[in-house]
Amino acid sequence: MSSSPRGRVHWASRLGFILAAAGSAVGLGNIWKFPYMAGNNGGGLFVLVYIACILLVGIPVFIAELHIGRQAQANVVTAFEKGHRPKSPWRFVGWLALFNPFVILSFYCVVAGWVLDFEWANLAGRSETLEHLLDSPWRQIFWHFVFVGATAAIVLGGIRNGIERWAAILMPALFVLLGVLFVRVLFEPGFLKALAFLFSFHAGALKPAGVLEAVGQSFFTLSLGMGAMITYGSYLKGEESLMRNSVAVAVTDTAVALLAGIVIFAIVFSFGLDPTQGPSLMFKTLPLLFGKMIGGYWIAAVFFLLVAFAALTSSISLLEVLVTACVERRGTGRRKATLVISALIFLLGVPSVLSFNLWAGKTVGGLTFFDVADKITSSIGLPVCGMLVSLFFGWVLGPKAASAAVGRPENHWHTRLLLWTTRLLAPAAILAVLIKSL
Ligand code: PHE
C-alpha cells in the first residue's frame, strides 16, 4: 500500500490489488464450505445453480461493490451517503454490511482455528480427529484466539506490506498443491463417482432452501454483501475497467472451489463416507488421503498451512471493513479500533465453539448457535445486502456509474448489460429465491 496526497492509503499496484481481492475471495468458503454444502444438497444441481449465481449475480455485484468503494473513497457506511446524500436511508445498507462481517468473522475464526489445530497435531506426529477436537472447548478457544490475534496483528498494519508479497507466493502454491491432490485422486476408485456427483443432475435433490444456500454461498465465496469489496475498492484510484479484474477473481475462486470439491468427494466415494456430514467433511476426508500418499506427513503440513493462510487473507479483509468504518465514522484510533473489535469478535466466537460440546443440546429449531450465526448471515444477510447494493448501483448511481465501472461509453453493450443486470436481473433473482425459501 502507498499513501495518497489525500491521506488515504491505496494499493501499491494493480497486481497487489488483484492478489488482495483474490486472497479475500479464496478461503475456507472454497475448501471447507463449498464441498460440504454441495454434499448436503445432493451435488450436481446445487453446483449448477451456484455457478449460475456467480455469473449472473456475483460478478455484477462484485463490480458494483468495487465501484461504490472506489467512487466514494470511504468506508461502507459513508460510501452510501456519498453516492446519494448525507443521512441517506441507503446508509443502512452500509450498516448491514458491517453486521455481516462481524458475525461471519466470529465463526470463521473458529473454523480457521480447527485448521491450525490440525496443522499442529500433524507436526507433532499425532493423528488428530475432528470429534476429539470438537469435544474440547479449551483447545478450540485457544486456536480461535490465536487466529483472531493473527488477523488483528496484520490489520494493525505492521505486516501488511509483507502479506501482499506473501500472498503472491502462497496463493498460487495452494492452487498447485490442490492440483497435486487432484492428480492423486485420479487413481482413486471414487474419482468418477465424484465427478458424477458434482456434475450430473438428479432431479429432486435440490430443495428451495438449497437454492437459497447456493445464492448465499456465491456471495460468501466472492466476499460480497459484507463490504469487503467496497472497502478494497476504496483503496483503488484511477478509472480503469473493473470488469477484467472481477472476472479474473471470480474464475480463480470458482476453480479453487471445484478442485477442492472433486478431491474431497473422490475421497468420500473411495472410502464409502457420508457426503452429507456437514462442516466436518473436509477434516474427515483429507487426512485419509494424506495417510495414503508418499510423503503424506509433509503434504499435510504444507496443505493445512496454506489453507490457514488462505483463511487469513480472507479474515483480514473482513476485519478491515469494520476497522475502517470505526476509524472513519467515529474517529477512533486505528489501534484501539482493531483491538476492541477483535476482542468482541473473539467473544462472539465462544458460543460457536460451545455449539459443538457444552451447548450442543441448546438449539433453536434444531440449529445450534454456530448454525444460526452461519444461516443468518449466509442465507439472509448476504443476499439481502447484495440485492440492495445492486439496486443502489443500478438505480441511484445509474448509467454513469455503469459506464465508469466497465470503462466504456454509456451506450456500449457492456455498460447496458451491467446496468440492467444490477437494476433488474440480479435483484429479481435474489428476491425470488428469498421469497420461495423463507
Ligand atoms: N470469501 C471468503 C471465503 O470464501 C470468506 C469471506 C467472506 C471473506 C466475506 C471476506 C468477506 O472463504
Being open to solvent by less than 10 Å² (accessible area, probe 1.4 Å) and in a loop (DSSP other than H, G, I, E, B) is the filter; apply it to segment 3-57 and report the residue that is farthest from the ligand (Cβ to nearest atom).
-> G43
Test: V103 is away from the ligand (no atom under 14 Å from the Cβ) and outside any loop (DSSP other than H, G, I, E, B) = no
Quick check, is L348 under 30 Å from W95 (Cα atoms), open to solvent by 20 Å² or more (accessible area, probe 1.4 Å) and at pLDDT 95 or above?
-> yes
Quickly run through segment 66-83 and pick out the residues that are within 16 Å of the ligand (Cβ to nearest atom) and not in a helix (DSSP H, G or I).
-> N75
Conditions: (1) in a helix (DSSP H, G or I); (2) surrounded by fewer than 24 Cβ atoms within 10 Å (Cβ to Cβ). P86 meets all but one. Number of the miss?
-> (1)
Going through segment 207-222 one residue at a time, which ones are near the ligand (Cβ under 10 Å from one of its atoms) and open to solvent by 10 Å² or more (accessible area, probe 1.4 Å)?
-> F220
Failed condition for A266, given (1) surrounded by 15 or more Cβ atoms within 10 Å (Cβ to Cβ); (2) within 16 Å of the ligand (Cβ to nearest atom) = (2)
In segment 185-200, is there at least one residue being buried (at least 23 other Cβ atoms within 10 Å of the Cβ) and farther than 17 Å from C385 by Cα?
-> yes
Of all residues in segment 223-253, which are more than 17 Å from S390 (Cβ to Cβ), among the polar types (S, T, N, Q) and more than 11 Å from the ligand (Cβ to nearest atom)?
-> S234, S241, N245, T252
Across segment 405-438, what is the total count of residues that are of a type in the set (G, A, S) and open to solvent by less than 40 Å² (accessible area, probe 1.4 Å)?
-> 3
Answer yes or no: is there a residue in segment 275-289 that is within 19 Å of L28 (Cα to Cα), in a helix (DSSP H, G or I), more than 16 Å from the ligand (Cβ to nearest atom) and among the polar types (S, T, N, Q).
-> yes
Could you list, in sequence order, the residues of segment 280-310 that are among the aliphatic types (A, V, I, L, M), open to solvent by 60 Å² or more (accessible area, probe 1.4 Å) and more than 15 Å from E128 (Cα to Cα)?
-> I294, V302, L305
Of those in segment 124-179 that are among the polar types (S, T, N, Q) and within 22 Å of A337 (Cα to Cα), the residue modelled with the highest pLDDT is T151
Only one of G113, G149, G69 is in contact (Cβ under 8 Å) with a residue 24 or more places away in the chain and either of a type in the set (F, W, Y) or open to solvent by 10 Å² or more (accessible area, probe 1.4 Å) (or both), namely G149
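The values are calculated or read from the model by the stated rules, or taken from the named source; none is laboratory data. Since we're looking at a predicted model, the values are computed, not measured. A quick note on method: Cβ atoms are made from the backbone with ideal geometry, for glycine too, and the neighbour counts reach across all protein chains shown. Calculation scope for accessible area: heavy atoms of the full protein, side chains included, ligands and nucleic acids excluded. Shrake-Rupley method; radii C 1.70, N 1.55, O 1.52, S 1.80 Å.
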